[in-house]
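We did not get these values from a lab; they are worked out from the coordinates using the rules stated. As the structure is a prediction and not an experimental result, all values here were calculated from the model. Cβ placement follows ideal geometry from the backbone for every residue including glycine, while neighbour counts extend to all protein chains displayed.
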Amino acid sequence: MAAAGGARGRTSFQRRAGAGARPAALPGTRPALRHGQLLLSSGLPSLDCVLGGGVAVGTLLLIEEDKYGLYSNLLFKYFLAEGIVCGHDLFVASAKEHPDNILKELPAPLLDDTCGKELGDEAAAVKSEDVQDSMKIAWRYQNLPKMEASPTPYTKFGHYYDISKKMSPELIQSIKWHSFYLHEEPSSPPKMKTCNMNGAYVRLLQSLQRIISQGGFDGSDPQKKQKNVLRIGIQGLGSPLWGDDICCSDTPEDVHSLTKFLYVLRGLLRKSLSACIITVPAHLIQNKAIMERVTNLSDMVVGLESFIGSERETNPLYKDYHGLVHVHQIPRLNSLICDVSDTKDLAFRLKRKLFTIERLHLPPDLSDTVSRASKQELAGSAKLLSSGCAAMAIGKRHLDF
Amino acid sequence: MLSGLKGNSERWAGGGLRASCPQNCHCLSRDFPAWKYSFTSWKEGSCGKCHGEQKSSGKVKIESREGSAWACQGPCRQPCGLAAVVGGLCYQHCPVELLTCLSSPAGCKVCFVALLQSFSHYSIVAQKLGVNLTAAKERGQLVFLEGLKSCLDLVFGEEEEQPGQPNPLLFLSESPSDLRALFDLVRVSLSAAGSQAWAGPVLLLDDLSVLLGLGATPVALLDFIHYCRALVCCQLKGNVVVLVHSSEDSEDEENELVVNSLCHHSDLILWAEGLATGFCKDVHGQLKIIQRVSLQQAGQQDLVQLYQYKIQDRNVTFFARGLSAAVL
C-alpha cells in the first residue's frame, strides 16, 4: 500500500488517484480487514484485540458485570471516553447515576507522548535487560520472539486513558450527547406498541429511536453530508432499578422483557450507524435461561470476574491480576469465520493509571523448592481453594516427609 | 415412505386436530389449535414408530427423493421432510448459514425466515459460497423475511398496515401463543401462483430459539412447526430446514423442549458442536449427521455419521475424525 511506503519514501506501487469513489471516512473508525465492516475502538486497545479488531458499527457489546460493578463501570467509561475523543455522538442511559455525573467522571485521554512514555518505559527496561544478558543455558531460545503479555495492536487505533485524571469539560462539550435518566423521564403514554415489555424499556427504546431518526444516523436524512457515529451506553440493564425483576427471584413475572428489548435494540442498531455497550448484572440473574437467551441475542459478550472478596484474591497464581475476563461470544459478521484470538485465558489488571487485559500467565516460581512438584501443588491447591476446601489445600502445600 | 403424522388423527380443517397414539407411547397426544385452513384431509395410519405399520396417508402421497449435494462427504439422501440443524456451543459456530444456503439447490423456491441477522449478512455470506441472494429475490425464487426489520415496523410503525398483510411478527404485540401470522407468510409465499415453475419448495428458519426469547410459548412454536411441516412437506412436497440452539448443560427448559420435539420429528439432524477436548485451531468442531431411518422403517437404527470441520473464509472443509491438518 502506498501509505506504508510513504513514510520512508515513495515505492513504485502507487494507488491511482480517483480509482473508484471512496466514501468519506467516518471519524474514529477503520474498516476491518476480514469483512470490511467499519470498526470502532472500545476505548481499551487490548479489548479491541480480543474482540477481533474492535466493535463493529451496528453491533452490541454486552458486558457481564463483576460482583461490585467496579471494573465493568470502567469499561463503560472507556467506551464513552473514546467516543468523545473521536468526536462521535453519545447517548447515555442509566437508572443508577445521572448521565451528567457519569460524563463528569470519564478518564482523561493520555496524550501521545506521555502515553508512549508510559508504555515505552516498560518496554525499554525490558529491552535493556535483554541486551545485557544473553542466555547461557537456554541459548537455543535466544532468537525466539518474546511472548507478548498483552496483545499489541498493530495499528494505532485506540487511545489510552489516565484513570487518575478526569476528562476536561471542554472536551465533553465539544460533542453532542443525549442522556436518558430513568427517574427524570416524563411518564407519558408511549407512542409505540409496548408488546408487553417493561415500561422503562419501552421508554428507553422510544427515546433511542427518536434520537436515531432525528440525528440522521439511519440514513433517513439524505441532506446530511457529514455522517457521524452514535455511541450508545446503557448501564445496569436488567437490574431492579429498571423495574425488571429478573434479578430478584428465580421465577420472575416477566421473563421476556429483556430479550424483547435486546431484539428491538438489535434491529435499531443494524439499520443505523451506531454501536452500543450494555452492562448487565449477570451475577444477580438467577434464571440462567435468560442469560443464555441474552447471550444469543447479543453480538459480543464479555464477562468480568473480579477477585475481590473471593478466595482467588490471595492465590499466588493470580497475584498480578485483579480479575479474569471470559469472552462468551464474538460475532460473525458478513463472513463464515470470526476473528477468534488464540488465547482463551485472559485476565485484567488495574495498574495505577491503566487498565489492561492480558493473557493469563503463571508468575515465575521463585520459592525455595524450585521444582515441578511445587507448581503442581500450587495448581492443585488453587483448584481446592476454589472449590472451598481451604484446610485441605493448606495441608497440601507443604509436603512433610 | 414417511407417515405424515404420528398417531391417529381425526379432523384437520376447521376444527382442530387431535393426534394421539392409542397405545400410549411417547407420541404426541394433544390438541392442535384450529386454524381455519383446508388441507386435504387424510386418514391416518397408526404411529409408525411403535406399531410398525406403514399405512400411506390417504390422498397425499409422500415419497423420498434424491436430494441435492450436501456440504459433506459421503452420499446423503435428502428426504422430503424436516431437517433440524442444531448448533451447540462452540468457539466457531458451524456456519449454519452454509448448510442452509446449500440446502436449497438451484431451481427450488425458497422461503427464508431470518430472525437473527440482516439480509446483507446472508447475501454477503452466500456470495462467498457462490449463491446470489439478491438475484434470487428479484426473480421471485426467494422470499426473504427479515425479522429485525419486521419487528421494528411492528413496534415503531404507525397504524397504516395493509389489512390484508398483517405483520408476520404480530405475536409480539398480540397474544404470544399465536404464530398464525408467521405461518400465513410462509403459506402465501410458498404456495403462490407461479411457484409451480420452481421445483419443490424449501422453508428455511434461522433460529427458532429467538422466538422463545420474544415471548412465544413452546407449544405455539411446536404448533407452528407442525403446520409448516404439514404444508411444506406433505402438501407441497418440499423440505423444511430449521435451526435451533442447544447445549448440553443448558438450563433453558423451554428451549430443550422445543429441540427435543424437533429432533423427534426430524428426518435428518445435523448437530454441530465444539470439540469435547476444547479449542483447536485446525478443527473448529464436529458435525454429527443423524439420518432417522427408524422413522421410515421401524426396527432399523438411525444412521449416525460423524465428521469434523474447519471453517475457512469461503468454504467449510469436512473430514473424518483424525484426519485434520493438525494431525496429518
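Among A:GLU105, A:GLU358, rank each residue by its count of other Cβ atoms within 10 Å, from fewest to most, as a rough exposure measure.
Final ranking by Cβ density, sparse to dense: A:GLU105, A:GLU358.
Viscosity 1.306 mPa s, temperature 10 °C: Stokes-Einstein D of the stretch A:203-310 from its Kirkwood Cα radius, in µm² per second?
The diffusion coefficient I find is 103 µm²/s.
By its C-alpha gyration tensor, with a ≥ b ≥ c as the square roots of the eigenvalues, how is the stretch B:146-276 shaped: rounded for a/c under 1.5, else prolate for a/b larger than b/c, else oblate?
Judged from the Cα gyration tensor, the stretch B:146-276 comes out oblate (a/c at least 1.5, b/c at or above a/b).
Per residue of the stretch B:313-318, in order, report the coupling 6.51 cos²θ - 1.76 cosθ + 1.60 (Karplus, θ = phi - 60°) as ³J(HN,Hα) in whole Hz, putting x for Gly and Pro.
Per residue, the Karplus-derived 3J(HN,Hα) values read 5, 10, 7, 10, 9, 10 Hz.
Can you run phi through the Karplus equation (6.51, -1.76, 1.60; θ = phi - 60°) for the stretch A:186-201 and list ³J(HN,Hα) in whole Hz, with x for Gly and Pro?
Running phi through 6.51 cos²θ - 1.76 cosθ + 1.60 with θ = phi - 60° gives x, 8, 7, x, x, 8, 10, 6, 7, 6, 6, 8, 3, x, 5, 5 Hz.
List the pairs from A:LYS165/A:LYS353; A:LYS77/A:LYS319; A:LYS96/A:LYS353; A:LYS227/B:LYS128 whose alpha-carbon separation is above 19 Å, in the order I gave them.
Over 19 Å Cα-Cα: A:LYS77/A:LYS319; A:LYS96/A:LYS353; A:LYS227/B:LYS128.
Using the Cβ atoms and a cut-off under 9 Å, what net charge is assigned to the surroundings of A:HIS283, where Lys and Arg are +1 and Asp and Glu are -1?
Values: positive: A:LYS67; negative: A:GLU64, A:GLU65, A:ASP66, A:GLU305.
Here the charged neighbours net out to -3.
Using +1 on the beta carbon of Lys and Arg, -1 on that of Asp and Glu, and nothing else charged, what's the dipole of the stretch A:191-324 about the Cα centre, debye to 20?
It works out to roughly 960 debye.
Can you give the local net charge around B:SER324? Use residues other than it whose beta-carbon is closer than 15 angstrom to its beta-carbon, Lys and Arg +1, Asp and Glu -1.
With Lys, Arg at +1 and Asp, Glu at -1, the net is +2.
Calculate the spin-label point distance for A:SER164 paired with B:VAL293, positioning each point 7 Å from the Cα along the beta-carbon direction, and give it in nanometres.
7.3
Alpha carbons only, please: Rg and Dmax for the stretch B:218-328, in angstrom.
Every Cα atom of the stretch B:218-328 included, Rg and Dmax give 16.6, 49 Å.
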